[in-house]
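Undergrad: Sharing a structure, written as C-alpha cells. Questions coming.
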Amino acid sequence: MRHGRTWPERLWLVRHGQSQGNVARDAANEAGHSVIELDIRDVDVPLSDLGHQQAEAAGRWFAALPEDERPEILLSSPYIRARQTAEAICNAGGLAGGAKPTIIDERLREREFGIFDGLTTRGIREQFPTEAAHRTKMGKFYHRPPGGESWADVILRLRSVMNTINLHYADHRVLVVCHQVVVLCMRYILDELSEGQILAIDKQAEILNCGICAYDFSFDENGLCSPKLDLWNVGAPMEAEGTPQTAEPDAMAGSR
C-alpha cells in the first residue's frame, strides 16, 4: 500500500456492451414469446456487433484519460460478454502502463436465474405461476428462484470481492467489468443503501451497456477513508463517438 489506505484510489464499474442475449430478449418480448431463443449457456453469450462497438468506444474513452488517471488493474466477470468488453478496453490502451492480463473473478458473474433461466416474464408466469406469485410477494431483492440467486445472494459474494480488492489493490485505480445487477449491488454496498433505496435507483433507469460508474475514496475529518460516488451510469464513451446507447435488461433476467 502506498499511503496506508485500505481502499482503492478509484474504482470504476462498467457494464458489458450490448450482448446477443440482450437482442434476443428484446425480440422475444416484442413477439410475445415465452422463451428467449438462445441455444447456448448464459456464460457463453457474446457481444453483439453493436456491443463490440460500445466496448471499443469505452476503451478509447479510458485511453484518452491522462496516464496517471487510467485504471491500473482490470477485473472481469468470467462471462464471455464481459471478457470481450474487458479485452476491448485493454486493446485500446485503456490501462495505465499498457495492456495487462485481465483478472477473472467468478464472484463478478451475472446473477443466476435458476428455473427462470431463458424465460421472458410471460414465460415465467405461464410455466411457474406459483413461483411468480411468490416473487411478487417477496420482491426481487430477496426472492431466490429455485436453483438461482436473489440480489441479497449476489451482494454476499460482492462483499467478498470488495474485501479482496481492498486487500490486494489498496490505493490503486481499479476497473471492474461486470453486469447490470452487479453494478447496482456494488452501489448498494459502497453507499450503504437500504433495499428500498437501491430498488428506487434501479427503477429510475436501466444501467447502460458500457455505462461508466466511478467511486473515489477520500479521508473525512475523522481520518476515515470512505467511498464517494463520482460518476453514475454515464454514457460518455458512446456520446463522445456517436455510438448508439443501449440499456436492455440482461437476457436471462425474465423481468426486472
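The values are calculated or read from the model by the stated rules, or taken from the named source; none is laboratory data. Since the structure is predicted, the reported quantities are computational estimates derived from the model, not experimental observations. Using ideal geometry, Cβ is built from the backbone for each residue, glycine included, and neighbour counts are taken over all protein chains shown. Areas reflect the complete protein model, heavy atoms only, side chains present, ligands, DNA and RNA absent. Shrake-Rupley method; radii C 1.70, N 1.55, O 1.52, S 1.80 Å.
Undergrad: From Cα pairs below 8 angstrom and at least 6 apart in sequence, can you work out the relative contact order of the range 59-113, rounded to a whole percent?
TA: After rounding, I find 45 percent.
Undergrad: What does the highest-first list of 240-246, 177-183 look like by mean Cβ count within 10 Å?
TA: Highest mean packing first, the order is 177-183, 240-246.
Undergrad: Let me ask something else about it. For Asp230, list long-range residues whose amide hydrogen, built 1.01 Å from N in the peptide plane, is under 5 Å from its own amide hydrogen.
TA: The list, which skips near neighbours in sequence, is Ala214, Tyr215, Asp216.
Undergrad: Return one number: the angle in degrees, 0 to 90 and rounded to the nearest 10, between the long axis of the Cα atoms of helix 129-138 and the longest principal axis of the Cα atoms of the chain.
TA: 40
Undergrad: Separate question: Spelling out what I want: for every residue of the range 58-75, take phi, set θ = phi - 60°, compute 6.51 cos²θ - 1.76 cosθ + 1.60 (Karplus), and round to whole Hz; glycine and proline get x.
TA: Taking θ as phi minus 60°, the curve returns 5, x, 5, 5, 5, 5, 6, 5, x, 3, 7, 10, 6, x, 9, 10, 10, 10 Hz for the range 58-75.
Undergrad: Rounded to the nearest 500, what is the chain's calculated 222 nm mean residue ellipticity when only DSSP H runs of at least 4 contribute -39500 (n - 2.57) each, over all residues?
TA: That calculation yields -12000 deg cm²/dmol at 222 nm.
Undergrad: Could you work out the equivalent-ellipsoid semi-axes for the chain, taking the square root of 5 times each eigenvalue of the Cα gyration tensor, largest first, in whole Å?
TA: 31, 22, 15
Undergrad: So, one more: Given H placed 1.01 Å from N in the peptide plane, which residues other than close sequence neighbours of Thr102 have an amide H under 5 Å from its amide H?
TA: Excluding prolines and chain starts, which carry no amide H, there are no hits.
Undergrad: On C-alpha positions alone, give me the angle between the axis of helix 20-31 and the longest principal axis of the chain, in degrees, nearest 10.
TA: Orientation of helix 20-31: about 30 degrees from the principal axis.
Undergrad: Take every Cα pair under 8 Å in the range 177-256 that's 6+ residues apart, average their separations, divide by the length, and report that relative contact order as a whole percent.
TA: RCO, the range 177-256: 27 percent.
Undergrad: Cβ neighbours within 10 Å, averaged per peptide: list 64-70, 16-22, 206-212 in order, most packed at the top.
TA: 16-22, 206-212, 64-70
Undergrad: Taking the Kirkwood radius as the inverse of the mean 1/r across Cα pairs, report the Rg/Rh of the range 1-115.
TA: 1.06
Undergrad: Output the peptides 31-41, 162-172 sorted from most to least packed, where packing is the average of other Cβ atoms within 10 Å over each peptide's residues.
TA: The packing order, highest mean first, is 162-172, 31-41.
Undergrad: Sticking with this structure for a sec: At 1.4 Å probe radius, can you tell me the per residue accessible area of the range 27-78 in Å²?
TA: 48
Undergrad: Output ³J(HN,Hα) for the range 162-172: one whole-Hz value per residue in order, computed from phi by the Karplus curve 6.51 cos²θ - 1.76 cosθ + 1.60 with θ = phi - 60°, and x for Gly and Pro.
TA: Values, residue by residue: 4, 4, 5, 4, 5, 6, 9, 10, 4, 6, 10 Hz.
Undergrad: Same structure again: Taking amide H positions as placed 1.01 Å from N in the peptide plane, with prolines and chain starts having none, which residues 5 or more places from Arg173, or on another chain, fall under 5 Å of its amide H?
TA: Glu9, Arg10, Glu72, Ile73
Undergrad: For the chain, what relative contact order do you get, as a whole percent, if you take Cα pairs closer than 8 Å and at least 6 residues apart?
TA: 32
Undergrad: Can I ask one more? Rounded to the nearest 0.05, what FRET efficiency do Ile115 and Glu239 have when you use their Cβ-Cβ distance and R0 = 45 Å?
TA: 0.70
Undergrad: Return the lysines within reach of Lys137: Cα separation strictly under 24 angstrom, same-chain partners fewer than 8 residues apart disregarded; answer none if there are no such residues.
TA: Correct list for Lys137: Lys203.
Undergrad: Give me the percent of the accessible area of the chain that comes from carbon and sulfur atoms, probe 1.4 Å, all protein chains in place.
TA: Looking at the chain in its full context, I get 50 percent from C and S.
Undergrad: Calculate the length of the line joining the C-alpha centroid of the range 103-128 to that of the range 130-180, in whole Å.
TA: Centre-to-centre (Cα) distance: 13 Å.
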